[in-house]
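To start, the structure under review is shown below, and the notes come after it.
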Amino acid sequence: MSASTGPTADPGSVSDAQLLRLHVAGDTEAFGELFRRHRDRLWAVALRTVCDQEEAADALQDAMLSAFRRAGDFRGESAVTTWLHRIVVNACLDRLRRRAARPAMTGEDEALAALAPEAPDGTELTAARLDVDAALRMLPPPQRAALVLVDMLGYSVSDAADILGISPGTVKSRCARSRARLLPLVQHLRGGLGGAPPSKTTRNQAPGERVSPQGGDA
Amino acid sequence: MKGHLDADVLAEYRAWLITGRRRRAIAAHLSGCAECAALDARLAQVSALLAATPAPSMPDAVTRRLDDALAAEVHRPISAERHSVPAKRRGFPSWAGRSWAGRSWAGRSWAGRSWAGRSWAGAFRVRVLAPVAAAAAVLAGGGYVLSQVGGTSALSGPDTAAGNAGSGQAVSSGFGASAGPASSAAKSRMSPERNNQAVPGSGVYVVTSDLNYTAATLRTQVAAQLRARPSLHGTLAPAAVSACVLRITRNAIPVLTEKARYQDTPATIIVLSRDGSDQVWVAGPHCTATNSDILDHVVLSPGISAP
């Protein structure tokens, strides 16, 4: 993930940083364009982190407006995408904290129903996704946020650390704990997915190191 | 190593959280224990499974909702509220004032193209109605408008301006009503934003020059032009130019609007006095009521346009 090119950026298009500058300078369309560029990814992060469609929409809206108003604070120390993701993840974790502080509003079944796919067919992958979502819900939110960024969205450990505001070592340990915890919950799915290679068309994978022996840098 | 490894240890091992002698011991154990090796392989597949899980696409209802929320934010009136909430937005970050010399504008046509026709674009259209209406009022206002503006110029008094209005040739200082000496007293009492707001009775005046501004020298060129301001004469801007300018300044009257060139292409230089500094925008030929086409933006701080 670099400052100048998001996953959808065309070579000749205006960079994220330029769009943010234009927004700060008063361009009324620049922020919309910037947000539109990344909203699918930001949505995926939000939905995976809060595991509830309504909460995810609320969190993403909070984050979007916050980013809109606080754009002048952006100092360019990180990529614009990192900054946007950080605001979204923080909005999600804030919501989860608030939700934890009040009596449960949404039962597991309702949450599952809310996550029901908009896809017209009940494909194997869709079924697997629902099960993965259910398994993810068993993780503590901070661990889940790290795992979602690294294993599901393909962020490097260092990018995830930037987004979450924690050290790379903490990202790694949260991911490791999450994987160990998920193992018994998703084992039955491995057969269903078989050896299906990670789909290039259904993932928003960013280039970056994986948490793997090859990628270890601690 | 005695006994078997558990998933937690193996997960840490896989993430390279375990190093050195302990790592070597685990590696040795894995090479000789089929049970632990199988657990390790299953653990590896957890990440693979997660990676293969399709990313959810944003439901249309959420897309619409976010569009609406952003449009509402963009439409928020440019009054006290708008400027008080993001106080930081007014304090431009250091990089905002930097000239973007050397950047590639190969994709300059991005404005209004890459996302034109999307729901975002439609959302912004309503916003510019007010500025356009203000500009129209200015044009229709005739002598009244000019006498107001004329009063702000050190060179042309109200009588001169009114006389020129009669002949259809609007000549004034070329600067907005709020920038002149006459309004300096008011400025000290009111916030610049409010003081600068376009109201019927003030208008955007434009000067035309054959200057060719460049990215590298934009600051010095604008500074020189602002110092020469009293000798510049402008005309009431056509509605299209007003709409573009007011869109960029968010309805505030600039102290200088100049039709010139920028990097050898036709451009409009717009300078707005705000909070003691001068905001300078360079708008390209495609700047309209609905499309800013900003080519460059710098901040002169402290500003030199203030009286």
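Throughout, read-outs are computed from the coordinates displayed, never taken from laboratory work. None of these values were measured; they are calculated from a predicted model. When we count neighbours, we look across all protein chains shown, and the Cβ atoms used for this are built from the backbone with ideal geometry, even at glycine.
What list do you get for A:Arg97, A:Arg48 if you sort them by fewest beta carbons within 10 Å?
Going from sparsest to densest Cβ surroundings: A:Arg97, A:Arg48.
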Around B:Asp296, which amide H atoms from residues at least 5 apart in sequence, or from another chain, sit under 5 Å from its own amide H, with H modelled in the peptide plane? B:Val282
Run the numbers for B:Asp60 and B:Asp6: contour at 0.36 nm per residue of separation, minus the present Cα-Cα distance, in nm. 15.1 nm
Residue-averaged beta-carbon neighbours from other chains (10 angstrom radius) around B:58-65: 5
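Just counting partner chain Cβ atoms within 10 Å, what average do the residues of peptide A:178-186 show around their Cβ?
Taking all residues of A:178-186 together, the mean is 6.
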With label points built 7 Å along Cα→Cβ from the Cα atoms of B:Ala72 and B:Thr220, find their separation and express it in nm. 5.0 nm
Intensity falloff of region B:7-52 expressed as log10 I(q)/I(0), Debye formula with alpha-carbon point scatterers, at q = 0.31 Å⁻¹: -1.15
Peptide A:63-76 - average C-beta neighbours from other chains (10 Å radius): 4
Obtain the nm distance between the two label points defined at B:Ala44 and A:Asp94 by a simple spin-label model: each point lies 7 Å from its Cα along the Cα-to-C-beta direction. 4.2 nm
Interchain or sequence-distant (5+) residues whose placed amide H lies within less than 5 Å of the amide H of B:Val204 are B:Ala237
Which of B:Ala25, B:Ala51, B:Leu39, positive extreme of dipole for region B:7-52 (C-beta unit charges): B:Ala25
